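Quick notes on the structure that follows.
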Amino acid sequence: MIQRLAGIAVLAMLSGMALVANAESGDPQQGKVKFQGCIGCHAQPLATNAYPTFKFPKLAGQHPEYIVAALKAYKSGERSHKTMTFQAGSLSEQDMLDIAAYLATLDGQ
């Protein structure tokens, strides 16, 4: 009986860990949808603006941790760029995780 209860407890604990892991990871399909507002700058080869000259980084294949950290930094004001601060300000943490997961699936070439 004790072994059975211990087994049930272990299964419950593992199930809880799986739920936490899923909550902390992004959904690439949702990220693809959420990234649509970003492609005007970040998906165009050699994209720049008129003035001042600013080259937009290509994000395909980037590490998810970097994407999430950068978006959080823009949202908090730790990193400064008017457009990115505005864009990141509307994103939830799950949005950031989803976008990062999508970008990680793309070929970075």
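Just so you know, all these numbers are worked out from the coordinates, no wet-lab data involved. Not measured: the values here are computed from a predicted model. Reconstructed Cβ throughout: ideal geometry from the backbone, glycine too, with neighbour counts over all protein chains shown.
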Counting other beta carbons within 10 Å of each Cβ, put Ser25, Ser90 in order, fewest first. Ser90, Ser25
Along the charge dipole of the range 26-105, Cβ charges K/R +1 and D/E -1, which of Gly31, Ile99, His81 sits furthest on the positive end? His81
For Glu93, Glu65, which order do you get if you count the other beta carbons within 10 Å of each Cβ and list the fewest first? Glu65, Glu93
For Met84, Met96, what's the fewest-to-most ordering of other Cβ within 10 Å of each Cβ? Met84, Met96
Using a cut-off of 12 Å between beta-carbons, work out the net charge of the residues near His42 (Lys and Arg +1, Asp and Glu -1, His42 not included). +2
